[in-house]
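Only one structure is covered here, and it is reproduced in the block below.
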Amino acid sequence: MRYGSWTFVADVVAALDCGSNSTRLLIADATGATLVREMNITRLSQGVDAAGSLLPAAMERTFEVLRHYRDACDSAGVTRGLLVATSAVRDASNQLEFLDGARDIVGFEAKILRGDEEAAFSFDGATKELGEAAVATMIVDVGGGSTELAVKVDGTLASYSMQLGCVRVSERALGRGVVSAASDAAARSMIEAELDRAFAAAPALHDVVAKVRLVGLAGTVATLAQLDAGLAVYDRDVVHGRELARATVQYWRDLLAKETPGERLLHPGMVVGREDVLVAGLYVLDAVMERFKVDVLLSSENDILDGIASSLLRL
């Protein structure tokens, strides 16, 4: 933009999230308006629990998507950006190899977020457009490798990153196909133990039991909202802000647990790449709702990407 003898460059920012199950991009203009939002299933965390490192094939799948995102950034005229990596990369012995490769591809800063940083970005992104409520607002971000809980109590953000996610619980306890009684028990035990750790580490969580507005974000919640609505084609206006009862979480968890991944794909709304791990995410979601005595959660399509973009625009 030119004004007199001065030339102004409009700020366009990019936020990229390399998660355990998906790799996502948000490009926003100087007003915060979304220009591009995209998600691809890359399963970066494949085998991390067992091997302790990122598999070459998983890294390459993610790098291929990042090359596509770099092209999108160039086309949109991105001036600044930040790429973040979360649970899968946090847990990997070859994390620096991945970060260096990702940074070379996208051409701007790449960093691993601590659990509390991930929770803070997610909270900011998910709540920035929400109105006031009579009770505190808490976010639950069910990812592939971790689940973030974050709530503001007396103006201070309390958070905890649980070592639970749809991929991690699937690999460690539940499996990917029809759920057996033994797998069901193992998953429930794993999830309850991690919730106990969350409450011990973040005492403020006790203060909001039975008096919190719960906002759910990320792929597990979005896919559940699509299934609940019977959406064969994604529609953000239907998914974002949709109220989901705990009974709905339990209905889909129990139904899908009896099916093979192939059978799950027949349901309108099931996202390809989530059919083998969604059930585990629903186990986590139901356990969180039970622990906090919440009957309904609000689905949010605003998430960590929105929080990162907002932080870039505040610089």
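The values are calculated or read from the model by the stated rules, or taken from the named source; none is laboratory data. Please read all numbers here as calculations on a predicted model, not as lab measurements. Here the Cβ positions follow ideal geometry from the backbone for every residue, glycine too, while neighbour counts run over all protein chains shown.
Tabulated data for the structure shown
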{"read-out": "Number of the condition not met by Ser159 [criteria: (1) in the same structural domain as Ser299 (by TED's automatic domain parsing); (2) part of a helix (DSSP H, G or I)]", "value": "(2)"}
{"read-out": "Condition met for Ala202 (closer than 16 Å to Glu148 by Cα, in contact with a Phe, Trp or Tyr (Cβ under 7 Å, 6 or more places away or on another chain) and surrounded by 16 or more Cβ atoms within 10 Å (Cβ to Cβ))", "value": "yes"}
{"read-out": "Hey, Ala204 assigned by TED's automatic domain parsing to the domain that holds Val153 and either part of a loop (DSSP other than H, G, I, E, B) or at pLDDT 95 or above (or both) or not", "value": "no"}
{"read-out": "Condition check for Glu132: over 11 Å from the mean Cα position of the chain (by Cα) and either at pLDDT below 90 or not in a strand (DSSP E or B) (or both)", "value": "yes"}
{"read-out": "Any hit, the stretch 83-106, residues being within 20 Å of the chain's Cα centre (by Cα) and within 17 Å of Arg37 (Cβ to Cβ)", "value": "yes"}
{"read-out": "Condition met for Asp235 (within 30 Å of Ala30 (Cβ to Cβ) and free of Cβ contacts under 8 Å to residues at least 40 places away in the same chain)", "value": "yes"}
{"read-out": "Pairs, first under 11 Å from Leu282 (Cα atoms) and touching a residue at least 24 places away in the same chain (Cβ under 8 Å) in the stretch 249-261, second part of a helix (DSSP H, G or I) and basic (Lys, Arg), C-beta under 6 Å, six or more apart", "value": "Leu256/Arg264"}
{"read-out": "Residues that are out of contact with any helix residue (DSSP H, G or I) (no Cβ under 9 Å at 6 or more places or on another chain) and closer than 18 Å to Leu99 by Cα, drawn from the stretch 23-59", "value": "Gly52, Pro56, Ala57"}
{"read-out": "Count of the stretch 256-284 residues which are surrounded by fewer than 17 Cβ atoms within 10 Å (Cβ to Cβ) and within 15 Å of Ser22 (Cα to Cα)", "value": "1"}
{"read-out": "Condition check for Leu113: within 17 Å of Leu285 (Cβ to Cβ) and within 17 Å of the chain's Cα centre (by Cα)", "value": "no"}
